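Read the structure below first, then the notes.
The values are calculated or read from the model by the stated rules, or taken from the named source; none is laboratory data. This is a predicted model, so every value here is computed, not measured. Don't worry about glycine lacking a Cβ; one is built from the backbone with ideal geometry, like all the others, and counts go over all protein chains shown.
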Amino acid sequence: MKVRSFGELVGSFATKAHRTGQKVHRNSRKAGTCEGQLWSPFNKVERMARMRAAEQYDRENKQPGKRNGPIGHIGLDILREMMRIVDFKTGRLEPSIEYLAERLRRSKSAIHDALVRLRETGFLNWERRFEPLENPDPFGPQVRQISNAYALTLPKMAADMVRRLLGRAPVPSDEVTRRQEEEERTATMLAGLSSEELARFRAGDTPLGDMLAKLGRALDCNAIRPGGMNPALRG
């Protein structure tokens, strides 16, 4: 039988301790391996529009008789704080629950529940993370839980509202048709105007309009009309 060295025995025991003694949540990922899939640059211009969309979502989906909507006022406070501290260039966002609890003057359990509501409604996503310990006790945990990596997200209704507020919403097909018909009517109307009328239409009742209308009137008087000849050449 092979005799194991003392070092091998210690290593084996430490491995078992690593598997059973560490306090790491299920589905946690190693820090540095998941953030690239979660974080992306955040446009700070969207902050106000995103908050308005979240508030409207919470208000419109509140059940009768309930004090809060599906996000809740603590969730809205968290969202506001998240958008205050997010790194706009990279999207880096990793506040601890302790930080949020202290910042918002709420209990850690209230913060946790509100974070869950934000994820369930589509306004937030996250990855749990752990990192290796430096010089760990060979008989104790080898890794430790660290703060989650968060990403600010939007459900469809809120995303549509943000686009409208920022003027980036696609124009509805019926509005496109209406605008095309209006442009065609305007073009037809302009084609039937005399030079004097067209000048007045473009410049209005202004000194410039008076001058252009005078020039247009002169052009109309010297124009060759269908079926005739230039009035200035008539004898």
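The table that follows gives values for the structure above.
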item	result
Close pairs from region 58-79: first acidic (D, E), partner outside any helix (DSSP H, G or I), Cβ under 6 Å, at least 6 apart	D58/G69; D58/I71
Verdict on A54 being small (G, A, S), within 20 Å of the chain's Cα centre (by Cα) and not in a loop (DSSP other than H, G, I, E, B)	yes
Residue list for region 205-235, restricted to those being modelled with pLDDT under 70, surrounded by 12 or more Cβ atoms within 10 Å (Cβ to Cβ) and either farther than 23 Å from M189 by Cβ or not aliphatic (A, V, I, L, M) (or both)	P231
Failed condition for E98, given (1) of a type in the set (D, E); (2) under 21 Å from V24 (Cα atoms); (3) within 23 Å of the chain's Cα centre (by Cα)	(3)
Residue tally, condition free of Cβ contacts under 8 Å to residues at least 24 places away in the same chain, surrounded by 14 or more Cβ atoms within 10 Å (Cβ to Cβ) and of a type in the set (D, E, K, R), over region 98-112	1
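Let's see how each residue does on (1) more than 23 Å from the chain's Cα centre (by Cα); (2) of a type in the set (A, V, I, L, M); (3) at pLDDT 90 or above:
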site	(1), (2), (3)
F6	yes, no, no
H18	yes, no, no
L38	no, yes, yes
R47	no, no, yes
G75	no, no, yes
